[in-house]
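The values are calculated or read from the model by the stated rules, or taken from the named source; none is laboratory data. Here the structure is a predicted model, which is why all the values come from computation and not from measurement. Reconstructed Cβ throughout: ideal geometry from the backbone, glycine too, with neighbour counts over all protein chains shown. Note: areas computed on protein heavy atoms with side chains; ligands, DNA, RNA excluded. Shrake-Rupley method; radii C 1.70, N 1.55, O 1.52, S 1.80 Å.
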Amino acid sequence: MSWLYRCFIRPVLFQQEAEKAHHRTLENLAWASHRPFVCDAMESFFATPHLPVDVFGLRFPNPVGLAAGMDKRADAVPAWAALGFGFSELGGVTWHTQPGNPSPRIFRAIADEAIVNRMGFNNDGAEALEQKLEDWRTSGLWPKHPVGVNLGKSKVTPLEDAAEDYASSFQILRELADFFVVNVSSPNTPGLRQLQDKAALDRIMAAIQELNEGFGEKPILVKVAPDLSFDALDEILELAQKRNLAGIVATNTTTTRPETQDETARIVYSETGGLSGKPLRARSTEVIRHLFRQTKGRLPIIGVGGIFSADDAWEKITAGASLVQVYTGLVYEGPTLAREIVCGLMEHLSREGLTDLKAATGLAVK
Ligand SMILES: Cc1cc2nc3c(=O)[nH]c(=O)nc-3n(C[C@H](O)[C@H](O)[C@H](O)COP(=O)(O)O)c2cc1C
């Protein structure tokens, strides 16, 4: 199916402007999501083997998740499980509704299998997401895998009020998702990445954890930028214990640009925004390896950045990730990607003589 997608479906999709293609795809998946028989058919077709992982108190049917930003408005919640994903991360959502940056704001560097985006947290706001999630739950179509929500900061909220902005979204969504990711690493909201600074992040985590305590305590993770120095990552790790972080999502998109031979890619790289896909892979793995080493594997890591195959996912897992996520790989490789990664991971495990993924986590870190 991957070759079918690459040879026939992708060229047609890529004829369209990137954001339009994204909307069309989401519309189709939303349509399917409201029809249980279509989701059942998808589930049989994409039949992904069981490769369970237990992380931060949740059971994941397999370790391959949908990364944040693909389904910002929770339009296709059941479809992600039907495509074989072991979990999904919805959002980024902000407290206030906001349009994001003007279009065009997604650009494909096809030769390098990369994307540059400057979406700027376009979303309908936390209250609209709350309604959507409640509707999915009451419809009986809620998926049988963990669902997370990615929390961003509203553009209108000054940086000094960021903690209340994140906490307000968390408060109304708390009961509706299984885990939450505090996104302080998007390059597309002015000043947002300054919130990775220890004192600022401490205030945000304190505000969220105050609302979290005594309510069954949802796992709260922080998503970091690949452009942080190891020292800055270490500062975030210091907070992890103090504020009871469940884990780290590594990484978001990068503001750096790779060397390229391709003229069209060069033009895309001159656009402002975050770069994802193949050129991000190595740096993201480096960050994961550092985090795993520093924490001696005690803090779960969700590895994301440039995963296009089972080998890429295996690289992230053996560098220290307990779970992985894909975004750009899904755009380039198509809907069979989750299944292909899970099948390939099982082959890796049997080749290494291992029985579960836990044993593979951090295997390559000395
Ligand atoms: C168009 C687009 C929108 C994104 N939106 C978000 C977002 O809202 N929140 C977030 O934390 N990450 C967002 N991301 C980053 C992805 O979740 C992921 O961390 C990054 O793309 C690296 O993974 P990849 O190489 O598999 O794409 C977005 C990425 C893209 C391409």
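Restricting the range 62-102 to residues that are out of contact with any Leu (no Cβ under 9 Å at 6 or more places or on another chain) and within 12 Å of the ligand (Cβ to nearest atom), which is farthest from residue 163 (Cα to Cα)?
Here the residue is 101.
Given the criterion in a helix (DSSP H, G or I), in contact (Cβ under 8 Å) with a residue 40 or more places away in the chain and either touching a Lys or Arg at 6+ places or on another chain (Cβ under 7 Å) or open to solvent by 70 Å² or more (accessible area, probe 1.4 Å) (or both), identify the matching residue among 233, 239.
One residue alone meets the criteria, 239.
I'm trying to understand the selection: among the residues of the range 310-338, which are more than 20 Å from residue 13 (Cβ to Cβ) and not aliphatic (A, V, I, L, M)?
Passing the criteria: 311, 312, 314, 315, 316, 318, 320, 322, 325.
Filter the range 173-215 down to residues that are over 21 Å from the mean Cα position of the chain (by Cα) and under 24 Å from residue 128 (Cα atoms) and give me whichever is surrounded by the fewest Cβ atoms within 10 Å (Cβ to Cβ).
215
Restricting attention to the range 213-224, does a residue exist that is touching a residue at least 60 places away in the same chain (Cβ under 8 Å), in contact with a Gly (Cβ under 9 Å, 6 or more places away or on another chain) and part of a loop (DSSP other than H, G, I, E, B)?
Yes, that holds for at least one residue.
Taking the range 286-314, which residues are among the small types (Gly, Ala, Ser), in contact with a Ser or Thr (Cβ under 9 Å, 6 or more places away or on another chain) and buried (at least 17 other Cβ atoms within 10 Å of the Cβ)?
Across the range 286-314, the qualifying residues are 303, 305, 306.
Sort out which residues of the range 155-210 are hydroxyl-bearing (Ser, Thr, Tyr) and under 30 Å from residue 144 (Cα atoms), and write them in order of number.
Correct list: 166, 168, 169, 185, 186.
Name the one entry in 180, 170 that is within 12 Å of the ligand (Cβ to nearest atom) and in contact with a helix residue (DSSP H, G or I) (Cβ under 9 Å, 6 or more places away or on another chain). Write out each step before concluding.
Values: 170 fails: within 12 Å of the ligand (Cβ to nearest atom).
Just one listed residue meets the conditions, 180.
Tell me, which residue of the range 315-339 that is part of a loop (DSSP other than H, G, I, E, B) and away from the ligand (no atom under 13 Å from the Cβ) is surrounded by the most Cβ atoms within 10 Å (Cβ to Cβ)?
320
Would you check if there is a residue in the range 89-112 being in contact with a strand residue (DSSP E or B) (Cβ under 8 Å, 6 or more places away or on another chain), crowded, with 22+ Cβ neighbours inside 10 Å, closer than 20 Å to residue 48 by Cα and not β-branched (Val, Ile, Thr)?
Yes: the range 89-112 contains one or more residues that are in contact with a strand residue (DSSP E or B) (Cβ under 8 Å, 6 or more places away or on another chain), crowded, with 22+ Cβ neighbours inside 10 Å, closer than 20 Å to residue 48 by Cα and not β-branched (Val, Ile, Thr).
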